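Everything below concerns the one structure shown next.
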Amino acid sequence: MTIQRIGIMTGGGDCPGLNPVIRGAVLKARSLGWEVLGIEDATNGLIDLDYRSPKGNRWLGPDDVRGIISKGGTILGTSNKSDPFNYVVTVDGVKKEIDVSDRVIANYHKLKLDGLISIGGDGSMRIAQKLIDKGMNIIGVPKTIDQDIGCTDYTFGFNTAVQTATDAIDRLHDTAESHDRIMVVELMGRNAGWITLHAALAGAAHVCLIPEIPYRIEPILEKILERQARGNPYSIIAIAEGAHPVAGTQSTEGPRALGQMPRLLGAGHRLAATLEPHLEMEVRVVVLGHLQRGGTPTQFDRILGTRFGSAAVEAMRIGKWGHMVALRTPDIVLVPIADAIAEPHFVPPNHSLVRAARDVGIGFGDDEPR
Ligand code: F6P
C-alpha cells in the first residue's frame, strides 16, 4: 500500500515526552514525502471535523515541530473524555453514553488518511484496538507516567515523573530533618506503584507504600520509632495514590460523572491521620499531583519519545498495522496492541527493585520476607 497521508493524535492524560514523539514522527514522515495531519484533543478531532479547541486539526511540517522537543504537554491537546465507543452527550438535559465510532471511521476516510498514529495510555490503546477491529489502520505509541502498559521496558513520561518526585523527596528531607517531622509524600501512578518505588529508592525515603503491597500501620510505626531511637527523629514516607491498608480499599474522591473513572485522592492524608495519634512527632502531607505530569522531559524521555515517533512511522511504512512500538532495551520493537493491553504492568511484590529497597532498609508496611 502506498502511503500519502497520515494522522497523529495524543490521548489520555498528558505527560512529558509527547512533543518529542510528535516531532520524531513528523520529521520522519515528511522525509518520506507523506502529509501529516495533527488531530486536535485525541479523538475529538475525528468525532467532529469542525472541532476547535483551540486550533483544530492541522497539517504539520518541520516548522511546526521546531523547538518542541523540550516542551512538556502536547501541542495537539489531549482528552480523557473522548472514547468514541462511550461518548458522553447531553440529551434533553440528561447525560448518556452513545457509540460514535462509525462517525470516527467515516471522518478518517473523508480526510483520506492512510493510517493513524495513536499516542496514549492503556485506555487509548484499548480504543485503538476497537477501531482497528472496525478496519482502521493504526500504530500505537505507549505513553504514561504510570508505567503500567505491558510489553515495553519503559513508557515515556515515567522517567521525568520519577525525577520530579525524587527532587520533591530530596527537598522534603531538608525540611523534615530540620523540624523532626514525618513527611508523607503522595505520588501518582493510579494502580501501579512504579513511580513511588523508583522515587523512594532514588530519594532514600524510609517507607514506600504501593498498591501492590497493601500496608499495615504497625510496621510503619516500628520503622519510625526505630529511626527515632537511633537518633533520627524524622522520616520520609512515599505513598502511591493507589496504596491502601490490608483491610481497606483505595482512597477516592467519590462518585464521578458518567464515563469518568474515580479520582484517586486522600491516601496520604488517611495514612497521616492514622499514624499521628501514635506518635509524638508531627505528621505532614504533601500531595505532588499534576506537578509529576508537567515540565520539560528528561533526556531519557526525549530520546525515547523521538525513537518511538520515528519507529511508529517506520511501522506504517512496512505495513505493521495494529502494532505498538515498544522498548526492549536497547531496541525498539513492535508488539501487537492486543498483547500490550492484555495484562497491565504492575510491580511484582518480589521485584528486584523491591528487594533492593528492602536491602537498604526501606520499609513497605508489611512483614519483611525473610
Ligand atoms: O494516568 C496518569 C495519571 O496522572 C495517574 O497517575 C492519575 O491517577 C491520573 O492520571 C489523574 O488523571 P486526571 O488528571 O484526569 O485527574
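The values are calculated or read from the model by the stated rules, or taken from the named source; none is laboratory data. Just so it is clear, the structure is predicted and the values come from calculations on it, not from any experiment. In this analysis, Cβ positions are derived from the backbone assuming ideal geometry, glycine residues included, and neighbour counts consider all displayed protein chains. Side chains included, ligands, DNA and RNA excluded: accessible areas come from the protein's heavy atoms. Shrake-Rupley method; radii C 1.70, N 1.55, O 1.52, S 1.80 Å.
Points worth noting:
- Estimated inter-spin distance, Ala202 and Leu353, nm [label 7 Å along Cα→Cβ]: 0.9 nm
- Each of Trp194, Val141, Ala25 was scored by the projection of its Cα onto the charge dipole of the chain, and the greatest displacement toward the positive side belongs to Ala25; charges sit on the C-beta of Lys, Arg, Asp and Glu.
- Spatially proximal lysines relative to Lys55 (Cα-Cα < 21 Å; intrachain offsets below 8 disregarded): Lys71, Lys81, Lys110, Lys112
- Rounded if a/c under 1.5, otherwise prolate or oblate - segment 329-369, Cα gyration tensor axes: oblate
- For Thr252, nonlocal amide neighbours, meaning residues 5 or more places apart or on other chains whose placed amide H falls under 5 Å from its own, are Leu265.
- Pairwise Cα distances in segment 31-109 exceed 19 Å for 47 percent of all pairs.
- Computed from the C-alpha gyration tensor, the three semi-axes of the ellipsoid equivalent to segment 187-251 are 22, 15, 7 Å, from longest to shortest.
- From the Kirkwood radius over Cα pairs of segment 89-163, Stokes-Einstein at 20 °C and 1.002 mPa s returns a whole-number translational diffusion coefficient of 149 µm²/s.
- Dipole axis of segment 217-370 (+1 Lys, Arg; -1 Asp, Glu on Cβ), positive-most option in Ser310, Pro245, Ala342: Ser310
- Element breakdown for the chain at a 1.4 angstrom probe: carbon and sulfur atoms account for 50% of the accessible area.
- Net dipole in debye of the chain [+1 Lys, Arg Cβ; -1 Asp, Glu Cβ; about Cα centre; nearest 20]: 1220 debye
- Each Lys and Arg Cβ is given +1 and each Asp and Glu Cβ -1; about its Cα centre, segment 202-292 then shows a dipole of about 160 debye.
- Lys, Arg +1 and Asp, Glu -1 on Cβ, resulting dipole of segment 254-351 about Cα centre, debye, nearest 20: 380 debye
- Of the residues Cys15, Cys151, the one with the largest accessible area comes first in the ranking Cys151, Cys15, computed with a 1.4 Å probe on protein heavy atoms.
- Acute angle (nearest 10 degrees) that the helix 158-179 long axis makes with the longest principal axis of the chain, alpha-carbon atoms: 20 degrees
- At the residue level, His278 shows approximately 110 square angstrom of accessible surface with a 1.4 angstrom probe and all protein chains present.
- Reciprocal of mean inverse Cα separation for segment 269-370 (Kirkwood radius, Å): 18.4 Å
- Solvent-free Debye scattering, log10 I(q)/I(0), computed from the Cα coordinates of segment 220-293 at q = 0.24 Å⁻¹: -1.18
- Pairs of Cα atoms farther than 29 Å apart, the chain, %: 44 percent
- Descending principal axes extents, segment 46-196, alpha-carbon based, whole Å: 63, 44, 33
- Residues in the chain average 44 Å² of solvent-accessible surface per residue, probe 1.4 Å, ligands and nucleic acids excluded.
- Cβ-based charge dipole, the chain, positive-most Cα from Ile119, Trp59, Ser82: Trp59
- Bridge type composition, the chain - antiparallel percent by DSSP, nearest 5: 30 percent
- Excluding same-chain neighbours fewer than eight residues apart, the aspartates and glutamates reachable from Lys28 by a Cα-Cα span under 20 Å are Asp63, Asp64, Asp114, Asp301, Glu314, Asp331.
- The C-alpha atoms of the chain define a longest principal axis, and helix 217-229 lies at about 60 degrees to it.
- Gyration tensor (alpha-carbon) shape descriptor, segment 179-223, a/c threshold 1.5: oblate
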